[in-house]
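Asks: If you scroll down you'll find the structure; I have some questions about it.
The values are calculated or read from the model by the stated rules, or taken from the named source; none is laboratory data. Keep in mind that what you see is a predicted model, and the values were worked out from it rather than measured. Here Cβ is always computed from backbone atoms with ideal geometry, including for glycine, and neighbour counts include all displayed protein chains.
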Amino acid sequence: MNIIHSRFLLFSVLSILFFTSCEKKEYQTIVELDEENIQNYIRQNNLNMIPFEESGMYYQILEEGDGAPLDYKKVIPLVYTFKTHDGSFSAVDTFAVGNRYADFLGYFPYGKAVADNQPGSPLDKEEGLKLILNQALKFTNGKIRVLVPSRLAYGRNGSGKVGPNQCIDYVIHAIDPASLPDYEDLSIRKYIPTIGMQLGDFEKSTTGSYYNILNAGTGEPVMPESTVKVGYTLKLLNGNVIEQSASDSTSISLTQIIPGWK
């Protein structure tokens, strides 16, 4: 009876250990899942990445910077692309607020206009991409690739078109403020052929804007303080439409619009 009882107890203990072991293998922590996904992504794309401390992020310097230091006290324009590791979503070269969380990218260290209105925005914390840009890229006019684990990005719930538990592949170009006008001019010149037009079709203003007169007006002169009725579409150079008037009768005052329109 004691032998049977002992064997039963031993069988029970072994069964518990077996099922516990199975549970550990079946249910990964988010840290383990992120690491596995990133390592698979590195292998599949034949990348040469360096782990950034114990953060779970990996990086590769694509172009060494030769400009000003990425100092936390300075505002540095950042142009970036990012895509999810499964390829289901990507955003290309844009400063648009819609493609970043709390101005996390767009300006270094953070764009205060947006981030100040976000609860818990880490404006004064040395963490995340802010830290990796400062310690790894170090200087403007450089370019860095960063793989960000899902727990440091959009998490288990995802956001918008970014699905749950998606690690992010960033390519970030830090532009020296003195070089920004040249970068923007180059971006416009490269964009024009993509809309089926030639650079010679456009005039360039003294402020750096390019314009093409599709149909010359015959009405009253437009003055700096005029109110006019217009129809317009506003889109980024990646083709994303971010604002559009409902008709050609939207009234705007030239005293209350962006300098480029004036």
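Asks: If ASN157 passes every condition in (1) farther than 16 Å from GLN39 by Cβ; (2) buried (at least 16 other Cβ atoms within 10 Å of the Cβ) but one, which one does it miss?
Replies: Of the numbered conditions (1) farther than 16 Å from GLN39 by Cβ; (2) buried (at least 16 other Cβ atoms within 10 Å of the Cβ), the odd one out for ASN157 is (2).
Asks: Failed condition for SER209, given (1) in the same structural domain as GLU184 (by TED's automatic domain parsing); (2) on the phi > 0 side of the Ramachandran plot; (3) small (Gly, Ala, Ser), with all others met?
Replies: For SER209, the failing item is (2).
Asks: From the list ASP169, ASP185, ASP248, exactly one residue is outside any loop (DSSP other than H, G, I, E, B) and not assigned by TED's automatic domain parsing to the domain that holds LYS83. Which is it? Before the answer, list the steps.
Replies: Working: ASP169 fails: not assigned by TED's automatic domain parsing to the domain that holds LYS83; ASP248 fails: outside any loop (DSSP other than H, G, I, E, B).
Step by step, each of ASP169, ASP185, ASP248 is checked, and only ASP185 is outside any loop (DSSP other than H, G, I, E, B) and not assigned by TED's automatic domain parsing to the domain that holds LYS83.
Asks: Just to be sure before I move on: is LEU214 surrounded by 10 or more Cβ atoms within 10 Å (Cβ to Cβ) and either charged (D, E, K, R) or out of contact with any Gly (no Cβ under 6 Å at 6 or more places or on another chain) (or both) in the structure I sent? Before the answer, list the steps.
Replies: Working: surrounded by 10 or more Cβ atoms within 10 Å (Cβ to Cβ): no; either charged (D, E, K, R) or out of contact with any Gly (no Cβ under 6 Å at 6 or more places or on another chain) (or both): yes.
So LEU214 does not fit the description; no.
Each row is one residue, and each column tells you yes or no for (1) part of a strand (DSSP E or B); (2) within 30 Å of GLY142 (Cα to Cα); (3) in contact with a strand residue (DSSP E or B) (Cβ under 8 Å, 6 or more places away or on another chain); (4) modelled with pLDDT under 90.
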residue: LYS24; (1), (2), (3), (4): no, no, no, yes
residue: GLN28; (1), (2), (3), (4): no, no, no, yes
residue: GLN39; (1), (2), (3), (4): no, yes, no, no
residue: ASN46; (1), (2), (3), (4): no, yes, no, no
residue: GLN60; (1), (2), (3), (4): yes, yes, yes, no
residue: PRO77; (1), (2), (3), (4): yes, yes, yes, yes
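Asks: Test SER205 against the criterion of being surrounded by 12 or more Cβ atoms within 10 Å (Cβ to Cβ), out of contact with any strand residue (DSSP E or B) (no Cβ under 6 Å at 6 or more places or on another chain) and farther than 30 Å from LYS130 by Cα, and give yes or no.
Replies: Working: surrounded by 12 or more Cβ atoms within 10 Å (Cβ to Cβ): no; out of contact with any strand residue (DSSP E or B) (no Cβ under 6 Å at 6 or more places or on another chain): yes; farther than 30 Å from LYS130 by Cα: yes.
Against the criterion (surrounded by 12 or more Cβ atoms within 10 Å (Cβ to Cβ), out of contact with any strand residue (DSSP E or B) (no Cβ under 6 Å at 6 or more places or on another chain) and farther than 30 Å from LYS130 by Cα), SER205 does not qualify.
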